[in-house]
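The block underneath contains the structure these notes are about, expressed in structure tokens.
The values are calculated or read from the model by the stated rules, or taken from the named source; none is laboratory data. Computed from a predicted model, the values in this text were never measured in an experiment. Here Cβ is always computed from backbone atoms with ideal geometry, including for glycine, and neighbour counts include all displayed protein chains. SASA here: full protein model, heavy atoms, side chains in, ligands and nucleic acids out. Shrake-Rupley method; radii C 1.70, N 1.55, O 1.52, S 1.80 Å.
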Amino acid sequence: MPEKETKHIRKIDILKVFLRSFFLQSVWNYKSLISIGFESCLLPIVKRLYPDIEPRREFLQRHLKFFNCHPYLASYALGVSIRLEEGIAAGSEETTARQLSRVKDLLIPTLGAKGDQLFWLTIRPFSLILGVLGVFIFDAIALKVAALLATFIIYNIPHFYIRYNGLIEGYKFGLDVYKCLTNDRFSRLEKIYLYFGIPALATFIFLLAWSFFQDEPSRILFFSGAAIYSWMIYKISNNFYYATFFTIIFFLVVSFFFL
Amino acid sequence: MQLLWLHIIPVGSIVFPEGNIASMIICAIVVLFEELPYPNLVFTTAVMIGIFVSYAGAWVTVLDRKINGSFLKFAQKSAQRGKMIQINLIEAVSIIIYFLIMTVFVFVCLHLGSIALKFLGTYFSPALEQKVIMIKPVIFGIGIMFTIQLIFKSVKKKIAAKS
């Protein structure tokens, strides 16, 4: 099959996709999860690659199939899709729509697992703990605001970096994107947050306990008791609502009788 | 307040408590009733309302996602016709619907919360206020427990990945 006239993606298209990627989860539904958002991100690419209606139709239909992954790391999948779409539009024999669909399916668990581990389990909690610690330590309102601002920055630097860089690397590496998704690359970032976050959490707990002790020593009992009691309920029920609601009720009853 | 909801990981199609809305409503209620001389009673009531709000919010999100399911059919039809502008429109409408649903939800919760607090406020007394002075340590205790559990999970996964 002869190769068609190649239409290259421009930097401005990538930038448009990047900006649209912030709305990736906007049409989240139970049938195709984030596929509509994913397709919507790629619309600037369709305009560039497919001026004719028939290939446009095919493009729009193939990206509406089920897709889900971590919203920030989805940029890797977007980058790979752009690269492969470029090949399909050029009529390359090496790239087919089926191949693109298969790659996207393979990226779902990888990007989901890596994103959850990196952002939801590491960066988000530790950024918030650093912010909470700052708010707790400082008395001046300006410093409290600065601590919250720092939290925002600490969280969003890796977020923006991965969102943009994922798109670029996905586009650059295409089918070899797995080279960018090695454990080592993300574990360095995780380590930084762990090394700062764990001491911050320990300091916060210590300062919190100390402030309760200074106010009224019995508050330490309520603080640690609530932690243990809610942990027990959570272990038994695995339900957030039960753990919080029943712990509060239990300690309200205790305080009514003993305070 | 965010420490309470920090451990919730929005994986796949999980129905998770709407912690952000609940935190906002708790703060709003505490600020709205700042003039009452019972800060701990107001906070206790606000937290209890917040837990219900997070539960209700989870189902409001489910409702929004079901509405989005009907948008998928429109999107499929637009794709068959090759109409890109309709896909853009679907996305915009979905965002507006989510915004409206959540605005109404927050307004209703805040209104009901205020009514509940005004009603309960008639029973508030200094003696009762003294009984709930431990609410802050209890809330912090629960929040710290969830956070430690999350950190533990993170470290455990890290060690497992290494080995």
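So, of the residues in segment A:202-233 that are in a helix (DSSP H, G or I) and of a type in the set (D, E, K, R), which turns out to be most open to solvent (accessible area, probe 1.4 Å)?
Narrowing segment A:202-233 to residues in a helix (DSSP H, G or I): A:202-215, A:218-233.
Keeping just the survivors that are of a type in the set (D, E, K, R) gives A:215, A:219.
Numbers: A:D215: 103, A:R219: 48 Å².
That would be A:D215.
Among (1) surrounded by fewer than 19 Cβ atoms within 10 Å (Cβ to Cβ); (2) away from chain B (no Cβ under 12 Å); (3) closer than 30 Å to A:S21 by Cβ, there is one condition A:I236 misses while meeting the rest; what is its number?
Going through the list (1) surrounded by fewer than 19 Cβ atoms within 10 Å (Cβ to Cβ); (2) away from chain B (no Cβ under 12 Å); (3) closer than 30 Å to A:S21 by Cβ, A:I236 breaks only (3).
For segment A:15-34, check the following and say yes or no: at least one residue is of a type in the set (A, V, I, L, M), within 22 Å of A:Y178 (Cβ to Cβ), at pLDDT below 90 and part of a loop (DSSP other than H, G, I, E, B).
The answer is no, given that none of the residues of segment A:15-34 is of a type in the set (A, V, I, L, M), within 22 Å of A:Y178 (Cβ to Cβ), at pLDDT below 90 and part of a loop (DSSP other than H, G, I, E, B).
Quick check on my filter: what residues within segment A:35-47 are modelled with pLDDT of 90 or more and either under 19 Å from the mean Cα position of the chain (by Cα) or in a helix (DSSP H, G or I) (or both)?
Step one: list which residues in segment A:35-47 are modelled with pLDDT of 90 or more, which gives A:35-46.
Across segment A:35-47, the qualifying residues are A:S35, A:I36, A:G37, A:F38, A:E39, A:S40, A:C41, A:L43, A:P44, A:I45, A:V46.
Does segment B:10-20 contain any residue that is within 12 Å of chain A (Cβ to nearest Cβ), at positive phi, of a type in the set (G, A, S) and touching a helix residue (DSSP H, G or I) at 6+ places or on another chain (Cβ under 9 Å)?
Going through segment B:10-20, the residues within 12 Å of chain A (Cβ to nearest Cβ) turn out to be B:10-19.
Cutting the leftovers down to at positive phi gives us B:12.
Within this subset, residues satisfying the condition of being of a type in the set (G, A, S) are B:12.
From the residues that got through so far, the ones that are touching a helix residue (DSSP H, G or I) at 6+ places or on another chain (Cβ under 9 Å) too are B:12.
Yes, that holds for at least one residue.
Restricting to segment B:85-132, and then to whatever is open to solvent by less than 60 Å² (accessible area, probe 1.4 Å) and not in a helix (DSSP H, G or I), can you tell me which residue is nearest to the other protein chains (Cβ to nearest Cβ)?
B:V132
Hey, could you check segment B:133-148 for residues that are more than 7 Å from every other protein chain (Cβ to nearest Cβ) and in a helix (DSSP H, G or I) and say which is most open to solvent (accessible area, probe 1.4 Å)?
Step one: filter segment B:133-148 for residues more than 7 Å from every other protein chain (Cβ to nearest Cβ), giving B:133, B:135-136, B:139, B:143, B:146, B:148.
In the following step, the residues that additionally are in a helix (DSSP H, G or I) were identified as B:135-136, B:139, B:143, B:146, B:148.
Working: B:I135: 1, B:K136: 94, B:I139: 15, B:G143: 2, B:F146: 0, B:I148: 76 Å².
In this case the residue turns out to be B:K136.
From the set of residues in segment B:51-70 that are open to solvent by less than 20 Å² (accessible area, probe 1.4 Å) and facing another protein chain (nearest Cβ under 7 Å), which is farthest from the chain's Cα centre (by Cα)? Please lay out each step first, then the result.
First, pick out the residues of segment B:51-70 that are open to solvent by less than 20 Å² (accessible area, probe 1.4 Å): B:51, B:53-54, B:57-58, B:61-62, B:64, B:68-69.
Now narrow it down to the ones that are facing another protein chain (nearest Cβ under 7 Å): B:51, B:68-69.
Details: B:I51: 8, B:N68: 20, B:G69: 22 Å.
So the residue we want is B:G69.
I need a count of the residues in segment B:20-71 that are without any contact (Cβ under 8 Å) to a residue 40 or more places away in the chain, within 16 Å of A:F240 (Cβ to Cβ) and of a type in the set (V, I, T).
Going through segment B:20-71 one residue at a time, the tally reaches 2.
Would you confirm whether any residue within segment A:166-176 is open to solvent by 10 Å² or more (accessible area, probe 1.4 Å) and in contact with a Pro (Cβ under 9 Å, 6 or more places away or on another chain)? Walk me through it before giving the result.
We begin by selecting, within segment A:166-176, every residue open to solvent by 10 Å² or more (accessible area, probe 1.4 Å); these are A:168-169, A:171-173, A:175-176.
Okay, now just the ones that are also in contact with a Pro (Cβ under 9 Å, 6 or more places away or on another chain), so none.
Checked against the condition, which is being open to solvent by 10 Å² or more (accessible area, probe 1.4 Å) and in contact with a Pro (Cβ under 9 Å, 6 or more places away or on another chain), segment A:166-176 yields no hits at all.
Tell me, yes or no, whether segment A:181-188 has at least one residue that is polar (S, T, N, Q), exposed (fewer than 14 other Cβ atoms within 10 Å of the Cβ) and without any contact (Cβ under 8 Å) to a residue 24 or more places away in the chain. Spell out how you get there, then give the answer.
Initially, segment A:181-188 is screened for residues polar (S, T, N, Q), giving A:182-183, A:187.
Still in the running and exposed (fewer than 14 other Cβ atoms within 10 Å of the Cβ): A:182-183.
Restricting the remaining residues to those that are without any contact (Cβ under 8 Å) to a residue 24 or more places away in the chain gives A:182-183.
Yes.
Quick one: A:R20 ticks every box in (1) under 29 Å from the mean Cα position of the chain (by Cα); (2) open to solvent by 80 Å² or more (accessible area, probe 1.4 Å); (3) not small (G, A, S) except a single one, so which number is it?
A:R20 satisfies every listed condition except (2).
All but one of (1) free of Cβ contacts under 8 Å to residues at least 40 places away in the same chain; (2) open to solvent by less than 50 Å² (accessible area, probe 1.4 Å) hold for A:R124; which doesn't?
Unmet condition: (2).
Considering each of A:Y193, A:Y164, A:Y171 in turn, give the residue that is in contact (Cβ under 8 Å) with a residue 12 or more places away in the chain, of a type in the set (S, T, Y) and within 14 Å of chain B (Cβ to nearest Cβ). I'd like the intermediate steps shown before the answer.
On the way: A:Y164 fails: within 14 Å of chain B (Cβ to nearest Cβ); A:Y171 fails: within 14 Å of chain B (Cβ to nearest Cβ).
Going through A:Y193, A:Y164, A:Y171 in turn, just one is in contact (Cβ under 8 Å) with a residue 12 or more places away in the chain, of a type in the set (S, T, Y) and within 14 Å of chain B (Cβ to nearest Cβ): A:Y193.
Between residues in segment A:61-76 that are under 10 Å from A:G115 (Cβ atoms) and residues that are part of a loop (DSSP other than H, G, I, E, B) and among the polar types (S, T, N, Q), which pairs lie under 6 Å by C-beta distance while being six or more apart or on different chains?
Once the first residue is under 10 Å from A:G115 (Cβ atoms) and sits in segment A:61-76, its partners that are part of a loop (DSSP other than H, G, I, E, B) and among the polar types (S, T, N, Q) give A:P71/A:Q25.
Test each condition in (1) facing chain B (nearest Cβ under 9 Å); (2) under 25 Å from B:S13 (Cα atoms); (3) open to solvent by 10 Å² or more (accessible area, probe 1.4 Å) for A:V27 and report the one that comes out false.
A:V27 satisfies all of (1) facing chain B (nearest Cβ under 9 Å); (2) under 25 Å from B:S13 (Cα atoms); (3) open to solvent by 10 Å² or more (accessible area, probe 1.4 Å) except (3).
Sort out which residues of segment A:216-233 are more than 9 Å from chain B (Cβ to nearest Cβ) and among the acidic types (D, E), and write them in order of number.
Restricting attention to segment A:216-233, the residues satisfying the condition of being more than 9 Å from chain B (Cβ to nearest Cβ) are A:217, A:232-233.
The answer is none; no residue qualifies.
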